[in-house]
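> My structure is below; once you've seen it, I'll send some questions.
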Amino acid sequence: MSFKPSLAVMVCGLSGLLVLAGCGRSPQTNFYTLTPLVSEATAPRLAGPSIAIAAVTLPELVDRPQLVVPDAGTRVTILETHRWAEPLKSAIPRLLAENISRLLNSDRVAAYPQHAAINADYRLFVDIQRFELADSTVVVDALWEIRSAKGTKPLTGRSKLVEPVGSTEYEAVVAGYSRAVATLSKEIALSLRTLQTKE
């Protein structure tokens, strides 16, 4: 009796299992995070008025773990293997707080839920209308309002920010979002300074 046919069958069977195991591997998931602007300030931070990022709202379309990019026509693609490292509704308030803190050189800027920010000197509310990739740019369109504890008239504004993305890589797209939020932070910080001088 020859064992050669049986050996050949076993080799073929093992090869098939290895191929199936390779095909069954899940694609690698990439995680991304927004980054704060680079601060040029070297002086110690000041204990200025307290500022709370009281609330930030986002369109439901992008308020999800996956990155969302446009597809043909009116369709979008939800990228299962390209995800935010933390929910945007948590990341953006924290990023705004860090950016504004650096811009004002203040150690009293923080991201709080609305109910915990009641005692702050200034409360910031941001309603992001658009947070999306459009052709070779990212667009962040936000309505915002600054409320003072002194009861003066709230200061409102709208910032529509368009950042070119030099690459189709998702790292470049996320970097574009970070730059757009940095510019939004600068516009809000400037308005905060203006409001403080008027009070």
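The values are calculated or read from the model by the stated rules, or taken from the named source; none is laboratory data. Every value quoted in this text rests on a predicted model; they were computed, and no experiment measured them. As a convention, Cβ positions derive from the backbone with ideal geometry for all residues, glycine included, and neighbour counts pool all protein chains shown. Please note that ligands, DNA and RNA were not included when accessible areas were found on the heavy atoms of the full protein model with its side chains. Shrake-Rupley method; radii C 1.70, N 1.55, O 1.52, S 1.80 Å.
> Subtract the Cα-Cα distance of A149 and A72 from 0.36 nm times their separation in residues, and report this length gain in nm to one decimal. Each step should come with its number before you reach the end.
Working: separation 77, 0.36 × 77 = 27.72 nm, distance 4.74 nm.
Here the answer is 23.0 nm.
> Work out from phi, with θ = phi - 60° and the Karplus expression 6.51 cos²θ - 1.76 cosθ + 1.60, the ³J(HN,Hα) of each residue of the stretch 116-123, listed in order in whole Hz, and give x for Gly and Pro.
Each residue of the stretch 116-123 in turn: 8, 9, 4, 8, 6, 5, 9, 10 Hz.
> Net charge near R64: determine it from the other residues with C-beta under 15 Å of the C-beta of R64, scoring Lys and Arg +1 and Asp and Glu -1. Write out the running numbers ahead of the final one.
On the way: positive: R83, K89; negative: E60, D63, E80, E86, E132.
With Lys, Arg at +1 and Asp, Glu at -1, the net is -3.
> Here is a further query. Under a 5 Å amide H to amide H cut-off, with H placed in plane at 1.01 Å, what residues pair with S106 once short-range neighbours are removed?
L46
> Grab the beta carbon distance between E171 and N105, set R0 = 25 Å, and tell me the FRET efficiency rounded to 0.05. Write out the running numbers ahead of the final one.
Values: r = 30 Å, r/R0 = 1.19.
So, using R0 = 25 Å, E works out to roughly 0.25.
> On to the next question. Based on the alpha-carbon gyration tensor of the stretch 89-199 and its eigenvalue square roots a ≥ b ≥ c, which shape applies: rounded if a/c is under 1.5, prolate if not and a/b is larger than b/c, or oblate? Spell out each step's value before the answer.
On the way: a/c = 2.20, a/b = 2.01, b/c = 1.09.
Taking the square roots of the gyration eigenvalues as a ≥ b ≥ c, the stretch 89-199 is prolate.
> While we're on this one: With a 1.4 Å probe and all protein chains left in place, how much of the accessible area of the stretch 75-167 comes from carbon and sulfur atoms, in whole percent? Walk me through the numbers before you get to the answer.
Working: 2330 of 4830 Å².
C and S atoms contribute 48 percent here.
> Note down the accessible area of Y32, probe 1.4 Å, to the nearest 10 Å².
The accessible area of Y32 comes to roughly 20 Å².
> Just subtract the alpha-carbon distance of R158 and N30 from 0.36 nm times their residue separation and send over the number in nm, one decimal. Don't skip to the end; give the middle numbers.
Details: separation 128, 0.36 × 128 = 46.08 nm, distance 3.24 nm.
That pair, R158 and N30, stretches by 42.8 nm at full extension.
> Quick one: net charge of S148's neighbours, Cβ under 14 Å, K/R +1, D/E -1?
Net of charged neighbours comes to +3.
> Jot down the radius of gyration and Dmax of the stretch 58-130, Cα atoms only, both in angstrom.
Considering the stretch 58-130 through its Cα atoms, Rg and Dmax are 15.5, 48 Å.
> State the Cα centre-to-centre distance between the stretch 103-155 and the stretch 68-86 in whole Å.
26
> For L67, which sequence-distant residues (separation of 5 or more, or a different chain) have an amide H within less than 5 Å of its own amide H, given hydrogens modelled in the peptide plane?
L79, H82, R83, W84
> A further question on this structure: What is the distance, in nm, between label points placed 7 Å from the Cα along the Cα-to-Cβ direction at E86 and at T137?
My value for the distance between the label points is 3.0 nm.
> Something else about it: In a shell of Cβ-Cβ distance under 15 Å around I78, excluding I78 itself, what net charge do Lys and Arg (+1) and Asp and Glu (-1) give? Spell out each step's value before the answer.
On the way: positive: R64, R75, R83; negative: E60, D63, D71, E80, E132.
With Lys, Arg at +1 and Asp, Glu at -1, the neighbours total -2.
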